[in-house]
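I have placed the structure first, in the form of structure tokens, so that the comments after it can refer back to it.
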Amino acid sequence: MSEPVRPIEKIPDHYFRLHHSEKAYENEAIQTKSVNFYQDSWRRLKKNKGAVASFVVLLLILFISIVSVWITPHDPNAQEVRYSFLPPKIPGVSINGFNGYAKQGDRWVDVYQQKQVPSGSYYYLGTDKFGRDLLSRLLFGTRISLLIAFFAAFLDLTIGVAYGLTSGWIGGKVDTVMQRILEIISGVPTLVVVVLMLLVFPPGIVSIVMAMVLVGWITMARVVRGQTLQLKNQEFVLAAKVLGQSPLKIALGEIFPNLSSVIIIQTMFTIPTAIFFEAFLSFIGLGMRAPSASLGTLINDGYQTFRFYPHLMWYPALVISLIMISFNIFADGLRDAFDPKMKG
Amino acid sequence: MAKWIKFIGKRIIYMLVTILLISSVTFFLMQKLPGSPYGNEEKITSAQKKVMNERYGLDKPVAEQYLLYMAGIARGDFGISLQFGDQPVGKIIAARIGPSVQLGIQAIILGTVVGIILGIISAMFQNTWIDTSTSLTAILGRSVPNFVFAVLLQLIFAIHLQWLPIGLWDQGFYSTVLPTIALSFAPMADAARFVRTEMIDVLHSDFIELARATGIGEWEIAARHGLRNAVIPLITILGPMVASLLVGSLVIEKIFAVPGIGEQFIKSILSNDYFTIMGLTILYSALLVAVILVVDILYVLIDPRIRLSEGDEE
């Protein structure tokens, strides 16, 4: 007995308190619903104001370009040479430059009156050198540009994922050979391939898409292979193996779903690249042929008469910039949402 | 050392295979090209055409033409231009490569320097309005097509303000300013974005915390410790940067009427000048492959964690 025992009755009563056991349990219980990966990413994406705004803008552009299949103010290809180079005229607006007036010399002149356009006919964004309505052509061109971009992105995705997944999953000699092939192809400048393809094949949507896909799938293949290599050694894949699933089933059923975030992100970056490339090709004179319009051909047409009718170039340029900016911001947002560690 | 020789040797072999592949594909595609290199075909008689074909070697069987062409390339002979006054393609390229190289180098220097500065500032003021506005600039640089940007520059600085010439390459440095700025926009955006991410990582690392604890100011930390660690990895994106610069130079040279190889390429394409197209294609590919090789070597030199034997796993 080295320590004196403290008599228990000496502890004052107010030191004691009832233990609210039930409340304690409640505090420890998990109150929120468990969120899976996509819900979590979605929550992070929603917090990103720029990404949400871009998403809305993109949906809007997509919606308009689909609706414009049926509703356009004028026929995009109808030529009316008498009414060429009309300035924009919007009903109810009386700001110079948007009311049918254009500056001739120092004075603002009503061009619609000059060219005897019947009153009540409006060209919201003016007309081009053949008297075609710019707004209708812009709607039409946006649709073609988006179509090319989505088509190219889809093919890039399909080929890239198939190649990358095969290469990464099978590994060994197959991987080595496939990577060497990739290395050789990636030394080919995209520019050169695309230009050569367009020289040889007849101009049109299919040729442009094919030319872009020919080298475009490589990035996707690389990304997918890298991710597959990482996933390959994880426990859930091992578990599937131990359970005796066939390699093909593991690749498609276990690995592929886990690739979806990188695939989505990569695709979101592919689309603006494709839009840019199409515009670039049209600008140097290798893209879509008249009378079809794309954003690139519209910019190119506008550029020809740029000194005198700058609006013919600015409107298509504005639309393409808006689409590209929205896609880029949205893609950045998606990447941050899927992979918060990679913020930047 | 032996490792190095093996590594570089292997890379050079890939490089040659790539170039060989590209030149062969280009050659056979040229055979398929619709139209002929003679602009006034309906006016020339078949006898004249025969003489011309003989002169340019177009009468020989394709296989022989191919072998002759390849042998020529190996000697550095790219054939004779079919359009531009019978000059050897090599000579045309040599005369035009100067402006393109100057423009490219100026653009990449301007772009990366401005990009690095923007990236660092962005990272130092992370999540403030400064960061937001520099990031927005970077996104604009990546999104707005460079030909739109180029025309905008022309409009503001050449037409309205009349500070700089609108195009051509005849006023020395002055005429290089606008095309350089227009071309530097894309590398600027890429560099800014990349450096920002790297810098944020570096600024949160332990050795920076230590530097902070010793009382060194933020700017000095960024300049002395952050910069090196954030900027060196930039060389990894040099390859894609140069590739996009090649694409960009085509339109920029067209818009500003720069007498460079990009402008020549467009002209040759539009006039079916087979040998010039092929020569320029090979030149572009060689350039890109060489840049990739240099980047790979630098990468291994700088980051010892990357094993030299990486390609030898088999």
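Anisotropy class assigned to the stretch B:43-184 is prolate, per the alpha carbon gyration tensor with a/c at or over the 1.5 cut-off and a/b larger than b/c. Once C-alpha pairs closer than 8 Å and six or more residues apart are averaged by separation and normalised to the residue number of chain B, the relative contact order reads 26 percent.
List, in the order given, every pair from A:Lys232/B:Lys10; A:Lys173/A:Lys232; A:Lys89/A:Lys129; A:Lys173/B:Lys10; A:Lys103/A:Lys129 whose Cα-Cα distance in the structure shown is over 21 Å. Violating the 21 Å limit, Cα to Cα: A:Lys232/B:Lys10. As a ratio to 2.2 N^0.38 Å, the alpha-carbon radius of gyration for the protein assembly as shown is 1.17. Working from the pairwise distances between different alpha carbons, so that the mean of 1/r is found and then inverted, what is the stretch A:146-188's Kirkwood radius in Å? Evaluated on the stretch A:146-188, it is 11.4 Å. Site pair B:Gln87 and A:Asp75 shows an inter-label distance of 4.9 nm when each label is modelled 7 Å from Cα along Cα→Cβ.
Under 1.5 on a/c is rounded, so check that first for the stretch B:180-301, then, if it is not, pick prolate when a/b is larger than b/c and oblate when it is not; a ≥ b ≥ c are the square roots of the alpha carbon gyration tensor eigenvalues. Since a/c reaches 1.5 and a/b is larger than b/c, the shape of the stretch B:180-301 is classed as prolate. Each residue, B:Phe207 and B:Met52, gets one label point 7 Å from its Cα in the Cβ direction; the gap between the two is 6.6 nm. With R₀ set to 56 Å, the beta-carbon distance separating A:Ala239 from B:Tyr66 gives a calculated FRET efficiency near 0.55.
Quick one: in the stretch B:94-272, what % of C-alpha pairs are over 23 Å apart? When all Cα pairs of the stretch B:94-272 are counted, 48 percent exceed 23 Å. Taking a ≥ b ≥ c as the square roots of the Cα gyration tensor eigenvalues, with a/c under 1.5 meaning rounded and otherwise prolate when a/b beats b/c, else oblate, which class fits chain B? Because a/c hits 1.5 or more and a/b fails to exceed b/c, chain B counts as oblate. Helix screen, chain B: DSSP H segments with Cα axial length of 27 Å or more and mean Kyte-Doolittle hydropathy at least -0.5 are B:2-32, B:89-124, B:173-203, B:274-302.
Taken one residue at a time, the phi angles of the stretch A:226-243 give Karplus couplings (6.51, -1.76, 1.60, θ = phi - 60°) of x, 5, 4, 4, 5, 6, 3, 9, 8, 4, 5, 6, 4, 4, 4, 5, 4, 6 Hz. Gly and Pro are set to x. Altogether, the Stokes-Einstein calculation at 37 °C and 0.692 mPa s, with the Kirkwood radius of the stretch B:106-158 over Cα pairs as Rh, returns a diffusion coefficient of 268 µm²/s.
Treating the beta-carbon of each Lys and Arg as +1 and of each Asp and Glu as -1, no other charges, what is the dipole magnitude of the protein assembly as shown about its Cα centre, to the nearest 20 debye? Walk me through the numbers on the way to the answer.
Working: 54 positive and 48 negative charges, 125 e Å.
Here the size comes out at about 600 debye.
May I ask you to sort A:Arg180, A:Arg143, B:Arg75 by Cβ crowding, counting other Cβ atoms within 10 Å and putting the fewest first?
Working: A:Arg180 13, A:Arg143 21, B:Arg75 7.
So the ranking, lowest neighbour count to highest, is B:Arg75, A:Arg180, A:Arg143.
Rg and Dmax, both from the Cα atoms of the stretch A:192-313 and both in Å, are 21.2, 72. Taking other Cβ atoms within 10 Å as a rough exposure proxy, B:His225, A:His14, B:His204 sort from fewest to most as A:His14, B:His204, B:His225.
Near A:Thr127, the amide H atoms lying under 5 Å from its own belong to A:Phe85, A:Leu86, A:Leu134; only residues 5 or more places off or on other chains count, and H is placed 1.01 Å from N.
Remark: the stretch B:224-284 projects, on average over all directions, an area of 5.6 nm² (convex hull of Cα atoms).
Every number in this text was worked out from the coordinates using simple rules, so none of it is lab data. Every value quoted in this text rests on a predicted model; they were computed, and no experiment measured them. Positions of Cβ are generated from backbone atoms using ideal geometry, with glycine treated the same way; all protein chains shown enter the neighbour counts.
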